[in-house]
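K.L.:
Sharing a structure here in structure tokens format.
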Amino acid sequence: MWVVVPVKRFYNAKTRLANILSDAERESLAQVMLNDVLLAISNSHLVSGILVISTEIRARYSVERLGGLFLEEKQAGLSAAVAQAGGWLSKHGQRGLMMIPGDVPLVRSADLDHIIQSHDSESGLTIVPDIERDGTNALAVSPVDLIDFSFGRQSFTKHLKASKKKGVSTKILESSGLSLDVDNVMDLQMLLSFDNETETLAYLADSGIARRVLPRLDKNADNVGIGAASRLM
């Protein structure tokens with residue numbers, strides 16, 4: 001199964017972090033998170049290929065250096081981008097796809113292999129919700145046009161409703177590596193509580209962002225001592 005990664009232009013990414021990160025920091029964060037996601041995908045045993053769909057040239061460099069393909073996005077919007085990618089894959093002989101966003105830096109290759117193993121490749125939908133069961137942080141679908149995509153707020157519920165309406169066989173999987181997508185300061189703080197070896201955590205530590213966003217135990221504390229990034233400060 002091919003994995004589709006839709007990517008916003010980096011300068012438009014993570015706008016909800018604009019009150020704490022500079023424009024350059026937001027762009028860099030988007031880049032390193034994408035790098036972690038693409039590396040996990042490329043190391044998966046069951047993934048057949050990677051397709052990034054975007055208008056961001058730096059995303060093209062990132063996927064092509066790992067042997068993946070880049071498709072230029074024709075219409076703005078996450079749902080439209082995934083539908084476009086699905087149409088491209090179908091024309092090139094692929095029956096299904098799995099969508100993974102570019103802002104889940106804790107994803108592991110084993111997470112992706114588990115989704116593919118569990119998925120009904122004949123006719124089915126597999127959904128991995130975010131930690132709040134609001135968004136969709138992974139979606140495997142066969143065939144690629146089985147349902148209309150509804151990414152964004154409440155997409156988990158919308159995809160379930162769409163599958164029920166069409167009588168589609170649907171599986172819901174929980175995945176710690178895919179549950180956290182980084183959109184706001186609380187997400188950053190949660191991310192920094194992990195001890196994973198990722199480019200994202202290293203960047204947050206080296207850039208000083210971790211020191212800024214981590215909550216203080218008290219006003220005299222230098223840092224809270226949680227996660228790999230805090231220990232690197």
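K.L.:
Would you tally the residues in the stretch 5-44 being β-branched (Val, Ile, Thr) and either touching a Gly at 6+ places or on another chain (Cβ under 7 Å) or in a loop (DSSP other than H, G, I, E, B) (or both)? Lay out the reasoning, then the answer.
P.N.:
First pass over the stretch 5-44, keeping only residues β-branched (Val, Ile, Thr): 5, 7, 15, 20, 32, 37, 41.
From the residues that got through so far, the ones that are either touching a Gly at 6+ places or on another chain (Cβ under 7 Å) or in a loop (DSSP other than H, G, I, E, B) (or both) too are 5, 7, 20, 37.
Selection size over the stretch 5-44: 4.
K.L.:
Which one is nearest to the chain's Cα centre (by Cα) among residues in the stretch 14-48 that are modelled with pLDDT under 95 and of a type in the set (Lys, Arg)?
P.N.:
LYS14
K.L.:
While we're looking at this one, here's another question. Scan ALA81, ALA76, ALA85 and give me the residue that is more than 15 Å from the chain's Cα centre (by Cα), among the aliphatic types (A, V, I, L, M), under 16 Å from PHE151 (Cβ atoms) and surrounded by 21 or more Cβ atoms within 10 Å (Cβ to Cβ).
P.N.:
On the way: ALA81 fails: more than 15 Å from the chain's Cα centre (by Cα); ALA76 fails: surrounded by 21 or more Cβ atoms within 10 Å (Cβ to Cβ).
Within the list ALA81, ALA76, ALA85, the selection yields ALA85.
K.L.:
Find the residue count for the stretch 59-69, including only residues that are buried (at least 21 other Cβ atoms within 10 Å of the Cβ) and assigned to a strand (DSSP E or B).
P.N.:
Number of matching residues: 0.
K.L.:
Report yes if some residue within the stretch 72-86 is within 26 Å of TYR203 (Cβ to Cβ) and in a loop (DSSP other than H, G, I, E, B); otherwise report no.
P.N.:
Taking the stretch 72-86 as the starting set, the residues that turn out to be within 26 Å of TYR203 (Cβ to Cβ) are 73, 78, 81.
From what is left, the residues that are in a loop (DSSP other than H, G, I, E, B) are 73.
Yes, the stretch 72-86 contains a residue that is within 26 Å of TYR203 (Cβ to Cβ) and in a loop (DSSP other than H, G, I, E, B).
K.L.:
Condition test on LEU97, is it touching a strand residue (DSSP E or B) at 6+ places or on another chain (Cβ under 8 Å), touching a residue at least 60 places away in the same chain (Cβ under 8 Å) and outside the structural domain of LYS14 (by TED's automatic domain parsing)? Steps first, answer last, please.
P.N.:
Details: touching a strand residue (DSSP E or B) at 6+ places or on another chain (Cβ under 8 Å): yes; touching a residue at least 60 places away in the same chain (Cβ under 8 Å): yes; outside the structural domain of LYS14 (by TED's automatic domain parsing): no.
Considered against the rule, which asks whether it is touching a strand residue (DSSP E or B) at 6+ places or on another chain (Cβ under 8 Å), touching a residue at least 60 places away in the same chain (Cβ under 8 Å) and outside the structural domain of LYS14 (by TED's automatic domain parsing), LEU97 comes out as no.
K.L.:
May I pose another question? Could you tell me which residue of the stretch 164-205 is farthest from the chain's Cα centre (by Cα), considering only residues that are modelled with pLDDT under 95 and of a type in the set (Asp, Glu)?
P.N.:
Checking each candidate, the answer is ASP195.
K.L.:
Tell me yes or no: at least one residue of the stretch 47-58 is touching a residue at least 24 places away in the same chain (Cβ under 8 Å), assigned to a helix (DSSP H, G or I), of a type in the set (D, E, K, R) and closer than 21 Å to SER109 by Cα. Steps first, please.
P.N.:
Taking the stretch 47-58 first, the residues touching a residue at least 24 places away in the same chain (Cβ under 8 Å) are 47-56, 58.
Next cut, assigned to a helix (DSSP H, G or I) only: 58.
Cutting the leftovers down to of a type in the set (D, E, K, R) gives us 58.
Still in the running and closer than 21 Å to SER109 by Cα: none.
No, the stretch 47-58 contains no residue that is touching a residue at least 24 places away in the same chain (Cβ under 8 Å), assigned to a helix (DSSP H, G or I), of a type in the set (D, E, K, R) and closer than 21 Å to SER109 by Cα.
K.L.:
Just for strands (runs of 3 or more DSSP E) wholly inside the stretch 93-198: which have at least 1 residues that are surrounded by 17 or more Cβ atoms within 10 Å (Cβ to Cβ) and among the small types (Gly, Ala, Ser)? Outline the logic, then answer.
P.N.:
Working: elements: 97-99, 124-129, 136-142, 170-172.
Of the strands (runs of 3 or more DSSP E) lying wholly inside the stretch 93-198, those with at least 1 residues that are surrounded by 17 or more Cβ atoms within 10 Å (Cβ to Cβ) and among the small types (Gly, Ala, Ser) span 124-129, 136-142.
The values are calculated or read from the model by the stated rules, or taken from the named source; none is laboratory data. The shown structure was predicted, so the numbers you read here are calculated from the model rather than taken from an experiment. Cβ atoms come from the backbone with ideal geometry, glycine included; neighbour counts cover every protein chain shown.
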